[in-house]
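For reference, the structure discussed in these notes is given below.
The values are calculated or read from the model by the stated rules, or taken from the named source; none is laboratory data. All values reported here derive from a predicted model rather than from experimental measurement. Note that we place each Cβ from the backbone using ideal geometry, even for glycine, and neighbour counts take in every protein chain shown. For the accessible areas, the whole protein counts, side chains as well, though only heavy atoms, and no ligand, DNA or RNA atoms are used. Shrake-Rupley method; radii C 1.70, N 1.55, O 1.52, S 1.80 Å.
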Amino acid sequence: MDEYLLEAKDLSVTLYTERGELRVVDGVSFRLKKRETLGIVGESGCGKSMTANSILRMVPAPGKISGGQIIFKGRDLSTLPERKLRSIRGKEIAMVFQEPMTSLNPLMTCGRQITEALRAHEKTDAKQAKRHALELIRLVGIPMAERIYESTPSGLSGGMRQRIVIAMALCNNPDVLICDEPTTALDVTVQAQILRLIDELKSSFGSAVLFITHDMGVIQQMTDRVMVMYSGQAVEYLQTEELFRKPLHPYTQGLIACIPGKAAVGHDLPVIKGTVPTLYALPKGCLFAPRCPYATKRCRCERPGLYGAGRHLVRCFQYEHKEASNSAADSGS
Ligand SMILES: Nc1ncnc2c1ncn2[C@@H]1O[C@H](COP(=O)(O)OP(=O)(O)O)[C@@H](O)[C@H]1O
Ligand SMILES: [Mg+2]
């Protein structure tokens, strides 16, 4: 049996715009094991959502997958016929987005939306589907399930709506759950509740999770391993525990230094100076060089590869000839 459930190999996504071609995801590779949670983290605009959307070939126009493979249970999703992909979407791989209304119909009752999601992939009679839907509504922590079953999402709070989306995502027992900033649009207290809920359900459903966020605190709480992205590329790939103990890439170090509470007492929160480069005019050398406190002449004219030992990989010339880490980020491979 394959140890890896989902594997992206050298994945690229290109947007074909009037101003030219933009490589928004550039040669990204990652692997997800059964039951594990892999985080993707990086500032806004670094290609996290494009990476997530490409897995089920849901990259919005004017974009498409322009290279690489997405292997799921031995099949390449990037070339699978649309009809076959449809049977995987929402069943074997499900998604939860930042904005719950992306996935919900405002005018249809929550109950009907869940039962339709159930019956899209499985032949069950209406009565059975209703019983299952009510069970799911209770499972995602909603009291008075019967009432919510009959309500439309428009009358619900953001947190309640996201619970309904999670119920729909889990209704067919997916092998992989992709969460793209699922709590970013919610109030802080609701955020914590939803994160706890995803964590609990992940264990009870046995799903592997690809968890996308710009928030290092969420990464720490939710993930086993992490891919740090910058400007469409993976710049570091490591165990979550290692991420907070010994981040190696200057960008990752900057992200961690920006976490409130990590700044030295009496000092302002440090910031990573500068901004993400525009994809229309990428630097010639390392994409992070213009913002990097350690950038050398070489960094400004040559692109570094991903270097490292085991699975702790880092895209920085400082580690070209060094063993990046003693612990492999996914030991056992
Ligand atoms: N329609 C579009 N035209 C031009 N650029 C776009 C378009 N949609 C997305 N992008 C660019 O694609 C890049 C990746 O976006 P995205 O994956 O949404 O980033 P993230 O999820 O990390 O915030 C960004 O630089 C964004 O500006
Ligand atoms: Mg995004």
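Counting only C-alpha contacts under 8 Å and six or more residues apart, can you give the relative contact order of the chain as a whole percent?
Working: 628 pairs, mean separation 61.5, N = 333.
That works out to 18 percent.
Which value at 222 nm does the chain reach when only helices count, each DSSP H run of 4 or more adding -39,500 (n - 2.57), with the total divided by all residues and rounded to the nearest 500 deg cm²/dmol? Could you put the intermediate results ahead of the total?
Numbers: 11 runs with 104 residues, N = 333.
My calculation for the chain gives -9000 deg cm²/dmol from helical runs alone.
Sorting Tyr16, Tyr237 by solvent-accessible area of protein heavy atoms yields Tyr16, Tyr237, largest first, with a 1.4 Å probe. Please report the spacing between the Cα centers of region 1-28 and region 88-159 in Å, no decimals. Cα centres, region 1-28 to region 88-159: 31 Å. In this simple spin-label model, placing a label point 7 Å from the Cα along the Cα-to-Cβ direction at both Glu99 and Lys127 gives a separation of 4.1 nm. For region 99-171, a Kirkwood hydrodynamic radius built from all Cα pairs, placed in the Stokes-Einstein relation at 25 °C and 0.890 mPa s, yields a translational diffusion coefficient of 208 µm²/s. Available extension along the chain between Ser151 and Ala120 is 9.1 nm, counting 0.36 nm per residue and deducting the alpha carbon span. The heavy atoms of Lys73 offer some 90 square angstrom of accessible surface to a 1.4 angstrom probe.
Leaving out ligands and nucleic acids, note down the accessible area per residue over region 1-149 with a 1.4 angstrom probe, in whole Å².
Working: 7540 Å² over 149 residues.
With the other protein chains kept in place, region 1-149 gives 51 Å² per residue.
In summary, the lysines within cross-link reach of Lys284, defined as a Cα separation below 22 angstrom excluding same-chain residues under 8 places away, comprise Lys273, Lys297.
So how much slack lies between Cys301 and Glu200, counting 0.36 nm per residue of separation and subtracting their Cα-Cα distance, in nm? Could you put the intermediate results ahead of the total?
Values: separation 101, 0.36 × 101 = 36.36 nm, distance 4.70 nm.
Extra length from Cys301 to Glu200 when fully extended: 31.7 nm.
Placing R0 at 22 angstrom, the Cβ-Cβ distance between Tyr16 and Ser44 gives a FRET efficiency of 0.50 after rounding to 0.05. Going by accessible surface with a 1.4 Å probe and the largest first, His121, His321, His249 read His321, His121, His249. Taking the DSSP beta bridges with both ends in the chain, the antiparallel portion is around 60 percent.
Annotation: amide H of Lys33 within the under-5 Å range of Leu5, sequence separation 5 or more or interchain, hydrogens built in the peptide plane. By accessible area, using a 1.4 Å probe on protein heavy atoms only, the chain has 51% of its surface on carbon and sulfur. Taking a straight Cα-Cα cut-off under 17 Å and skipping sequence neighbours fewer than 8 places away in the same chain, the aspartates and glutamates within cross-link reach of Lys130 are Glu116, Glu122, Glu146, Glu150.
Of the residues Arg57, Arg112, Arg245, ranked by 1.4 Å probe accessible area with the largest first, the sequence reads Arg245, Arg112, Arg57. Start at zero, step by 20 Å, and the Cα-Cα distances of the chain spread as 30, 56, 14, 0 percent across the bins.
Can you give the percent of C-alpha pairs in region 14-138 whose distance is more than 22 Å? Across region 14-138, Cα pairs with separations above 22 Å total 49 percent.
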